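> Can you read through this structure? Questions will come right after.
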Amino acid sequence: KGLSIVDIGCGGGFASEALAKLGGNVLGVDPAEESIEVAKVHAEDQGLLGEGKLQYQVATAEMLAENKATFDVVCTLDTIEHVNDPTNFLCLCLSLIKPGGAMFVSSLNRTSLSYALAIVGAEYIIGFVPRGTHDWNKFVTPEELESMVSHYEDYQVLNSLGGASEENTMVVEDVTGMKYDPFRMRWGLTPRDLEVNYIAHITKS
């Protein structure tokens, strides 16, 4: 409770609202102005919008990093598989974590099962999301994500984000699977099943 949290690529604010209800001081950011406006209206209807609770801003991880913003918790959920340079994007997000803070990043794994469910099933059969929403080739495997995290020290030096003197260490504490239950309309954790969706917990010391 009271933790400063940023939700990068917040879209319509689904996760941002949930975090605010848990007592976080949440900032949801997204480059799409239309998404931010939708999120603001919904949050206001829920009585969540306001300083110290939940705020929204049309912005990107790059913009936050340029302004030297830092947060206790950084979340980027189902966003990394939509960017053109996932390593740079992840390092930007990592730079926003306060020392002692944490980051949660989720993605679709690049497997045959994720192609069948997330693209063929969700886009072409059920129509859960518009066709073309996902590019299977951009899905990030857990191994690739861990490799990206290992590049953060070099990224700090190259981009002068505190330089080597900060001596921050990024640790991938846990990677666990996630599965959506369409009947109960909610997500649940599946620790041993990373085949489709997964979420990683990263800490900064």
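The values are calculated or read from the model by the stated rules, or taken from the named source; none is laboratory data. If you're wondering where the values come from, they're calculated on a predicted model, not measured in any experiment. So basically every Cβ, Gly included, is an ideal-geometry build from the backbone, and we count neighbours across all protein chains shown. Side chains included, ligands, DNA and RNA excluded: accessible areas come from the protein's heavy atoms. Shrake-Rupley method; radii C 1.70, N 1.55, O 1.52, S 1.80 Å.
> Mind listing whichever residues of region 5-29 are outside any loop (DSSP other than H, G, I, E, B) and open to solvent by less than 20 Å² (accessible area, probe 1.4 Å)?
Of everything in region 5-29, those that are outside any loop (DSSP other than H, G, I, E, B) and open to solvent by less than 20 Å² (accessible area, probe 1.4 Å) turn out to be I5, V6, D7, I8, S16, E17, A20, V26, G28, V29.
> Moving to a separate point now. Name the pairs whose Cβ atoms lie under 8 Å apart, with the first residue in region 176-196 and at pLDDT below 95, the second among the acidic types (D, E) and in a strand (DSSP E or B), and 6 or more positions between them or separate chains?
Qualifying pairs under 8 Å: W187/D181; G188/D181.
> Go through region 133-143 and report how many residues are within 28 Å of V171 (Cβ to Cβ) and either open to solvent by less than 60 Å² (accessible area, probe 1.4 Å) or in contact with a helix residue (DSSP H, G or I) (Cβ under 8 Å, 6 or more places away or on another chain) (or both).
5
> Being in a loop (DSSP other than H, G, I, E, B) and either more than 22 Å from S205 (Cα to Cα) or out of contact with any Phe, Trp or Tyr (no Cβ under 8 Å at 6 or more places or on another chain) (or both): is that true of A69 here?
Spelling it out, A69 is indeed in a loop (DSSP other than H, G, I, E, B) and either more than 22 Å from S205 (Cα to Cα) or out of contact with any Phe, Trp or Tyr (no Cβ under 8 Å at 6 or more places or on another chain) (or both).
> Among the residues of region 182-205, which ones are over 18 Å from L113 (Cα atoms), open to solvent by 90 Å² or more (accessible area, probe 1.4 Å) and either part of a strand (DSSP E or B) or touching a strand residue (DSSP E or B) at 6+ places or on another chain (Cβ under 7 Å) (or both)?
Across region 182-205, the qualifying residue is only R186.
> Quick check on my filter: what residues within region 65-77 are within 17 Å of M148 (Cα to Cα) and open to solvent by 20 Å² or more (accessible area, probe 1.4 Å)?
Passing the criteria: only L77.
> Kindly indicate whether any position in region 50-64 is outside any helix (DSSP H, G or I), touching a residue at least 60 places away in the same chain (Cβ under 8 Å) and open to solvent by 20 Å² or more (accessible area, probe 1.4 Å).
So far as region 50-64 goes, no, none of its residues is outside any helix (DSSP H, G or I), touching a residue at least 60 places away in the same chain (Cβ under 8 Å) and open to solvent by 20 Å² or more (accessible area, probe 1.4 Å).
> I need the full set of residues from region 78-88 which are more than 13 Å from A61 (Cβ to Cβ) and either surrounded by 20 or more Cβ atoms within 10 Å (Cβ to Cβ) or basic (K, R) (or both), in order please.
Once the filter is applied, which keeps residues that are more than 13 Å from A61 (Cβ to Cβ) and either surrounded by 20 or more Cβ atoms within 10 Å (Cβ to Cβ) or basic (K, R) (or both), region 78-88 yields only E81.
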